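Trainee: To start, I am sharing the structure in question, which I have written as structure tokens.
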């Protein structure tokens, strides 16, 4: 098995050192190598560091406060505390890479069957790109955290990011200040059904 796959961890503590722009470019280049459905490459990456990172995290904090008062995701309010913790983690990281789905549709919109299929294909494509980026971070001696709970702050973030597409995920990147043990994984015997004719 590829070493980076085995060594990858979700890092929630960073030491604060700045990551050189060249390394961030290498991480994004790995994302650009990901396969995508019909080669649509439905991604755009917005890298924030330094004061820009501070400003966007303030927008996310504002969004979480709004979410407590007027939830966009009322069935997920139990996860707001986790989103607040994630915001703290992002604050420790050297950079946050926001991943936009340039072909995405608004969260609140009801989708046709065709649109739903496209969204699934785009999600798979962008997921492959984020996985490539997290593995590239490991290869470069960095840690990362794949952040999906940005959806609580979607309106505020989309306004701040002010770009094409819908926010899909974020990847916090930096020098790890922890080395977590691997989390348990389900064994092959529980997750694979073999069929042969």
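Taken together, the values in this text are just the output of simple stated rules run on the coordinates, not laboratory data. All figures in this text were calculated on a predicted structure; none of them were measured in a lab. A quick note on method: Cβ atoms are made from the backbone with ideal geometry, for glycine too, and the neighbour counts reach across all protein chains shown.
Trainee: In deg cm²/dmol and to the nearest 500, what is the mean residue ellipticity at 222 nm of the chain if only DSSP H runs of at least 4 residues count, each as -39500 (n - 2.57), divided by the residue total?
Mentor: That calculation yields -14000 deg cm²/dmol at 222 nm.
Trainee: Find the eigenvalues of the gyration tensor of the Cα atoms of segment 36-88, then list the square roots of 5 times those eigenvalues as equivalent ellipsoid semi-axes, largest first, in whole angstrom.
Mentor: The three semi-axes for segment 36-88 are 26, 19, 10 Å.
Trainee: Regarding segment 8-66, what whole-number volume in Å³ per residue does the convex hull of its Cα atoms give?
Mentor: Details: hull volume 9.0 nm³, N = 59.
Considering the Cα atoms of segment 8-66, their hull volume per residue is 152 Å³.
Trainee: Taking 0.36 nm per residue of sequence separation and subtracting the Cα-Cα distance, how much length would be gained by fully extending the chain between residue 18 and residue 159, in nm to one decimal? It would help to have the intermediate numbers written out before the result.
Mentor: Working: separation 141, 0.36 × 141 = 50.76 nm, distance 2.65 nm.
Additional length available on full extension: 48.1 nm.
Trainee: Report, largest value first, the span of the C-alpha coordinates of the chain along each principal axis, in whole Å.
Mentor: 55, 45, 32 Å, listed from the longest principal axis down.
Trainee: Same structure again: P(r) for segment 69-139: what percent of alpha-carbon pairs falls in each 10 Å bin, starting at zero?
Mentor: Histogramming segment 69-139 at 10 Å steps yields 15, 31, 42, 12, 0 percent.
Trainee: Could you check the simple spin-label distance between residue 148 and residue 77, using points 7 Å along Cα→Cβ, in nm with one decimal?
Mentor: A separation of 2.3 nm, rounded to one decimal place.
Trainee: Let me ask something additional. With label points built 7 Å along Cα→Cβ from the Cα atoms of residue 175 and residue 5, find their separation and express it in nm.
Mentor: Between residue 175 and residue 5, the simple spin-label model gives 3.0 nm.
Trainee: For segment 107-197, take every pair of Cα atoms, bin their distances at 10 Å starting from 0, and report each bin as a whole percent.
Mentor: The distribution over segment 107-197 is 12, 29, 34, 19, 5, 0, given as percents.
Trainee: Mind jotting down the distance between the C-alpha centroids of segment 73-94 and segment 1-58, whole Å?
Mentor: One Cα centre to the other: 19 Å.
Trainee: Taking a point 7 angstrom from the Cα of residue 88 along the C-beta vector, which residues in segment 49-68 have backbone N less than 15 Å away?
Mentor: It comes to 61, nothing else.
Trainee: Cα atoms only, segment 11-115: Rg and Dmax in Å?
Mentor: 16.5, 46
Trainee: Pulled fully out, how much extra length does the chain show between residue 65 and residue 51, if you take 0.36 nm times their separation in residues and subtract their Cα-Cα distance?
Mentor: The span from residue 65 to residue 51 would gain 2.9 nm if fully extended.
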